[in-house]
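J.: Quick one: this structure, given as structure tokens, is what I'll be asking you about.
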Amino acid sequence: MPRIFTPELFLVIAAILWGGTFVVIKLALDSVPPFLFLAVRFSLAGFITLLLYRKTLFSKANRRLDFILPSFFVACSALLGYAFQTIGLVYTSATQSGFMTGAYVIFVPLLQIAIERKLPSLRTWIAVVIVVIGLFCISQNGKSLDEFQGDLGFGIWVW
């Protein structure tokens, strides 16, 4: 009996949604300043989260406050990441922003080395190379090699 919903299907759906958000946000930023956009986006997300998880958030088990400091750190880190990415979309194309954001894949095996003190497998390195090549091909939009050199310099400067 074949499975209709395979994990690969969900990965494809996630990739389409993730990639589509760059275009939608770029279009939204043509009429709304970045921080107003972020305020509306995350206020709506926070309200929906409160509605969906109100019983869990306000349960007796969560009355201890030892989760506030780590939560604050994570929230500030996420805010900085989203703010820089959204402001960056004002100055660059959606495809270039997607390339720069997707390039985090390179850091996963490096973090594994740093944190776990373990070398990633050869398959992981091959996957990273394939992803980077794919991101590069998607983000070029028919650019010439001369135009790409400027993007490469910007990418190296950002990293």
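J.: Do we have Phe5 as farther than 21 Å from Gly134 by Cβ and modelled with pLDDT under 90 here?
T.: Criteria met by Phe5.
J.: Here's something else I'd like to know. With respect to the numbered conditions (1) in a helix (DSSP H, G or I); (2) open to solvent by 80 Å² or more (accessible area, probe 1.4 Å), which one is the sole condition not fulfilled by Gly19?
T.: The single condition Gly19 does not satisfy is (2).
J.: Looking only at region 1-11, count how many residues are β-branched (Val, Ile, Thr) and either touching a His at 6+ places or on another chain (Cβ under 9 Å) or open to solvent by 80 Å² or more (accessible area, probe 1.4 Å) (or both).
T.: Applying the first criterion (β-branched (Val, Ile, Thr)) to region 1-11 yields 4, 6.
Now narrow it down to the ones that are either touching a His at 6+ places or on another chain (Cβ under 9 Å) or open to solvent by 80 Å² or more (accessible area, probe 1.4 Å) (or both): 4.
The number of residues fulfilling the criteria is 1.
J.: Moving on to the next point. Run Asp30 past the list (1) free of Cβ contacts under 8 Å to residues at least 60 places away in the same chain; (2) within 30 Å of Val129 (Cα to Cα) and report the number of the one that doesn't hold.
T.: Every condition holds for Asp30 apart from (2).
Okay, residues lined up against (1) free of Cβ contacts under 8 Å to residues at least 40 places away in the same chain; (2) within 24 Å of Ala14 (Cβ to Cβ); (3) of a type outside the set (A, V, I, L, M, F, W, C):
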{"position": "Val40", "(1), (2), (3)": "yes, yes, no"}
{"position": "Ala45", "(1), (2), (3)": "yes, yes, no"}
{"position": "Tyr53", "(1), (2), (3)": "yes, yes, yes"}
{"position": "Thr92", "(1), (2), (3)": "yes, yes, yes"}
{"position": "Lys118", "(1), (2), (3)": "yes, no, yes"}
{"position": "Ala127", "(1), (2), (3)": "yes, yes, no"}
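J.: Given Arg63, Arg41, which one is modelled with pLDDT of 80 or more and charged (D, E, K, R)?
T.: It is Arg41.
J.: Residues that are open to solvent by 90 Å² or more (accessible area, probe 1.4 Å): find the helices (runs of 4 or more DSSP H) completely inside region 26-110 holding 1 or more of those.
T.: Here the list reads 34-57, 68-91.
The values are calculated or read from the model by the stated rules, or taken from the named source; none is laboratory data. Just so it is clear, the model here is predicted, and its values are computed rather than measured. Positions of Cβ are backbone-derived with ideal geometry, glycine not excepted, and every protein chain shown enters the neighbour counts. The protein model used for the area step is the full one, side chains on, heavy atoms only, and it has no ligands, DNA or RNA in it. Shrake-Rupley method; radii C 1.70, N 1.55, O 1.52, S 1.80 Å.
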